[in-house]
Structure formats: C-alpha cells, structure tokens
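Readers should treat all values here as calculations from the given coordinates under stated rules, not as data from a laboratory. The model shown is predicted, which means the values in this text are computed figures rather than measured ones. All Cβ positions, glycine included, derive from the backbone under ideal geometry; neighbour counts span all protein chains shown.
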Amino acid sequence: MTSRVNLSNQETIFEENLVVVDAMVIIKFHALLVLDKLATVWAREELAITPQVEEEASFSKNGLIDLSSYIRNGFIRKQALGDAEKELFLKYCREGIDKKLIHQGEASCLALAISKNYGLASDERIVREEFKRRCPGKICVHSWDIVRMARNLNLIQEKEADDLILGLYHS
C-alpha cells in the first residue's frame with residue numbers, strides 16, 4: 001500500500017505516498033524542534049521507519065527522541081523487514097554501496113523503500129543515489145528538500161524555512 005485517503009483538507013508534502021525516513025532526518029528535525037510538525041502536519045501518516053531506524057534515532061542535540069506516540073497514533077508507520085527486505089538489507093550491510101559501508105538504519109531504509117516501492121528520505125547522498133538508480137521517478141529527498149516542500153505548500157513561512165535550512169546546515 002503506497003497511499004491512503006487524507007481525511008484532512010490540508011495538503012501534505014508527500015501527497016499521501018509513504019516515504020521511508022532514515023535516522024538522521026529524524027534526529028535533525030528533533031534537534032530543530034520541528035519533528036512534531038513533520039510527523040503530524042507536513043507528512044501526516046506518510047512516514048515509515050524500520051526498527052533499526054527507531055533504535056538509531058534515539059537521541060539528538062535536543063535530548064531523547066521517543067517515537068512511540070507517533071507510531072501508536074498512526075503518524076509514523078513502523079515496519080519490520082520481511083524476507084525480501086531482509087535479503088536486500090543483509091546485502092547492503094555486507095557489501096555497502098560502491099564498496100562504501102553504510103549504517104544498518106540506512107541499509108534497512110533502502111531495503112524497505114526499494115522492495116515496497118515507497119519513497120525515501122535520507123541525508124546520505126550515496127543512499128539517495130542508489131535509491132534513484134534502483135527506483136527512478138520515486139520520491140527521493142533529504143532534509144533540506146522536506147523544508148522546501150513544506151514552504152512551497154505554505155505549511156511554514158519563508159523566515160521559518162530559512163531558519164530551518166540554516167539549522168540543518170549547522171546540525
């Protein structure tokens with residue numbers, strides 16, 4: 001399932017498509033005090049994480065990160081890896097991408113997004129490039145793109161977007 005019916009009249013940044021989010025995206029938005037906006041307004045019910053990402057995204061400069069209420073309330077979908085995803089996950093853990101090692105969280109995001117035909121939000125360029133190669137035309141963004149998308153939909157004002165972009169560069 002790649003989309004759901006949006007019961008709100010407000011647009012969301014991923015247009016009701018599920019997007020697998022890596023730990024750094026969550027950590028950065030938490031550190032900038034906008035994780036709640038991301039999960040409950042901008043990308044309401046459009047974010048998916050793996051158990052590996054939940055484990056990696058446990059702390060930011062702003063303190064402990066607790067994703068359980070977002071998961072419990074359906075704002076973030078937590079998905080374990082099935083057999084197809086596990087095989088791809090293990091391949092990325094073992095071989096990396098272009099002989100460059102990647103974290104388990106990134107490997108799990110990539111495996112889930114590829115095998116379920118979801119989008120991907122990752123701040124690791126090599127991970128995004130691999131996803132684009134394997135899934136051309138699918139949503140593939142980093143944190144800065146997310147802020148720009150929220151601004152383009154008027155979910156935030158220009159000043160807040162500029163401040164968040166600056167914060168992302170310094171995080």
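In table form, for the structure just shown:
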| quantity | calculated |
| --- | --- |
| Tally of residues being surrounded by fewer than 19 Cβ atoms within 10 Å (Cβ to Cβ) and either touching an Asp or Glu at 6+ places or on another chain (Cβ under 8 Å) or under 18 Å from Asp22 (Cα atoms) (or both) across region 134-145 | 5 |
| Count - residues of region 146-171 that are without any contact (Cβ under 8 Å) to a residue 12 or more places away in the chain and surrounded by 14 or more Cβ atoms within 10 Å (Cβ to Cβ) | 3 |
| Qualifying residue in region 25-42 (condition: of a type in the set (Phe, Trp, Tyr) and more than 17 Å from Arg148 (Cα to Cα)) | no |
